[in-house]
Amino acid sequence: MTDETARDVLVAALADRTGGLGNFTLRGDSLATAEVARFDLESRMGNRVMEDIWRAGSRLSDKQFLAYDPSYQTSSSQVLVEDLDSVPELAAVDSVIRSGDVPIDSGGDSAVAMVHSLGAGDNMVVAYRLKGPGVATRRQGVPLLPNDGVYRVVRGDLLYYEANFDVFTCGGFAFFETVSLIQNKLQAPEKSQELARKTLATVTAKVRIVGLVELEEAVSKDPTLRAKMASVARLIEADPDYADALTTDSLVDFVKKYPDYDILLSDTADGPALLFDSSPQHRHQIPRLLADDYLHSFLTDRSYEAGSKHRVSS
């Protein structure tokens, strides 16, 4: 797969405006268990949705295309592309939608997504608005529908359409703009897990850690820790010498010098070592330390935790 191949697929599909509109709900507890159902829209609303999909897709096609990498920090001018088969839960739903064999939506479980398809065959574009359980509907208050001066209570869930699409699929590709979408909403964390494992191994090669196996497992399973290791990967990419500065001596000296950060140490036969504690209040400490998130201000002589920073000098 090349970035330009994916762009060509999307551009060709958007140029073929001969197909019709399909509308679907995904109802259930999650994308993996959701049932796909279809619904129709009155013609004016249907035309609006078709134009929204075409405009949103066209905006995507004008951006810089990047093959998905969990270490990326994308800008508003970039779009990420992944093979649809690498996102199995989305691929399964997408296959059902494209098959055309979908029952009519009769309500029921909360909607976890609203989906719209435009076109047919290889040129079908499918746009997904993915939300958590019940978020695609609004339950606050009691909705009332006026009818000749009488307001009647609307029973059941209301679906609210928004022209904000989280992911497009077309030609075997998934197109999206938020790097965390794959692992958080589409439940396909394999690439981010592999990046986290490799990055942790690189930056701890010269660091003595008690509980390293447990840290490796936590980094692999916890989305927040995976994101932190992705930021470390970006640091290494920008500064290849960064990992060389992370040694047991340098890190232990730092921890002893700044006890307010409450980073745990352990005495071992080989000398002092960092100690990984999986409790909620301590599990993020070592990844933050490896990311250099503990900083000191020369101006105010205060120490901070800083997850975001911009280097100004060596």
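Any read-out appearing in this document is the output of simple, stated calculations on the displayed coordinates, not a laboratory observation. Just so we're clear, the structure is a prediction, and the values are computed from it rather than from any experiment. Glycine gets a Cβ as well: all are built from the backbone with ideal geometry, and neighbour counts include every protein chain shown.
I need to check one value: relative contact order of the stretch 77-235, counting alpha carbon pairs closer than 8 Å and at least 6 residues apart, in percent.
23
In whole Hz, what ³J(HN,Hα) sequence does the stretch 265-277 give by Karplus (6.51, -1.76, 1.60; θ = phi - 60°), x for Gly and Pro?
After applying 6.51 cos²θ - 1.76 cosθ + 1.60, I find 10, 9, 8, 10, 4, 8, x, x, 9, 5, 10, 8, 10 Hz.
Given the Cα-Cα distance of Lys257 and Glu162 and 0.36 nm per residue of separation, how much length would full extension add, in nm?
Details: separation 95, 0.36 × 95 = 34.20 nm, distance 5.21 nm.
Full-extension gain reported as 29.0 nm.
Work out from phi, with θ = phi - 60° and the Karplus expression 6.51 cos²θ - 1.76 cosθ + 1.60, the ³J(HN,Hα) of each residue of the stretch 194-200, listed in order in whole Hz, and give x for Gly and Pro.
Listing the rounded values in order: 5, 4, 4, 5, 5, 5, 4 Hz.
Could you give the angle, 0 to 90 degrees to the nearest 10, between helix 212-221's Cα long axis and the longest principal axis of the Cα atoms of the chain?
That works out to roughly 20 degrees.
For Kirkwood radius over Cα pairs in Å, which listed value, [x] 22.6; [y] 21.2; [z] 20.7, comes from the coordinates shown?
Read-out taken from this structure: [x].
Under 12 Å from a point placed 7 Å out from the Cα of Gln187 along the Cα-to-Cβ direction: which residues of the stretch 24-65 have their backbone N that close?
What the label zone holds, given the 12 Å backbone N cut-off, is 28-35.
Taking 37 °C and 0.692 mPa s as the conditions, I'd like the Stokes-Einstein D for the stretch 118-261 in µm²/s, using the Kirkwood hydrodynamic radius from alpha carbon pairs. Walk me through the intermediate numbers first.
Working: Rh = 19.9 Å.
Answer, rounded: 165 µm²/s.
If the chain between Ser180 and Thr18 were fully stretched, how many nm would it gain, using 0.36 nm times the residue separation less the Cα-Cα distance?
Working: separation 162, 0.36 × 162 = 58.32 nm, distance 3.37 nm.
Extending this stretch completely gives an extra 54.9 nm.
Above 16 Å lies some portion of the pair distances; for the stretch 232-307, what is it as a whole percent of all C-alpha pairs? If you can, show how the numbers build up before the last one.
Numbers: 1563 of 2850 pairs.
That fraction is 55 percent.
What does the charge add up to near Ser278, with Lys and Arg as +1, Asp and Glu as -1, over the other residues with Cβ less than 12 Å from its Cβ? It would help to have the intermediate numbers written out before the result.
Details: positive: Lys221, Arg283; negative: Glu214, Glu216, Glu217, Asp222, Asp277.
Its environment carries a net charge of -3.
Can you pick out the pairs among Lys198/Lys256; Lys191/Lys228; Lys191/Lys257; Lys131/Lys191 whose Cα atoms lie more than 25 Å from each other?
Working: Lys198/Lys256 28 Å; Lys191/Lys228 14 Å; Lys191/Lys257 36 Å; Lys131/Lys191 22 Å.
Beyond 25 Å between Cα atoms: Lys198/Lys256; Lys191/Lys257.
Please give the net charge around Ala91, taking every other residue with its beta carbon less than 10 angstrom from that of Ala91, where Lys and Arg add +1 and Asp and Glu add -1.
Numbers: positive: none; negative: Asp83, Asp85, Glu89, Asp94.
Once positives and negatives cancel, what remains is -4.
Quick check: pseudo-label points 7 Å beyond the Cα along Cα→Cβ at Ser266 and Glu42, how many nm apart are they?
The answer from the label model is 6.7 nm.
If you take every residue apart from Ala37 with its C-beta less than 14 Å away from the C-beta of Ala37, what net charge results, scoring Lys and Arg +1 and Asp and Glu -1?
Numbers: positive: Arg27, Arg38; negative: Glu35, Asp40, Asp101, Asp105, Asp109, Asp157.
Within the 14 Å Cβ shell, the charges total -4.
Calculate the FRET efficiency for Thr5 and Leu299 from the Cβ-Cβ distance with a Förster distance of 45 Å, rounded to the nearest 0.05.
On the way: r = 51 Å, r/R0 = 1.12.
The computed FRET efficiency comes out at 0.35.
Which loop-located GluC sites (Glu not before Pro) does the stretch 29-130 contain, where loop means any DSSP state but H, G, I, E or B and the Cβ has at most 13 other Cβ atoms within 10 Å? Don't skip to the answer; put the middle values down first.
Numbers: sites: Glu35, Glu42, Glu51, Glu82, Glu89; in loops: Glu42.
Passing both the DSSP loop test and the Cβ count: Glu42.
Using the basic label-point model (7 angstrom from Cα toward the beta carbon), what is the Thr33 to Asp109 distance in nanometres?
Spacing of the two 7 Å Cα→Cβ label points: 0.6 nm.
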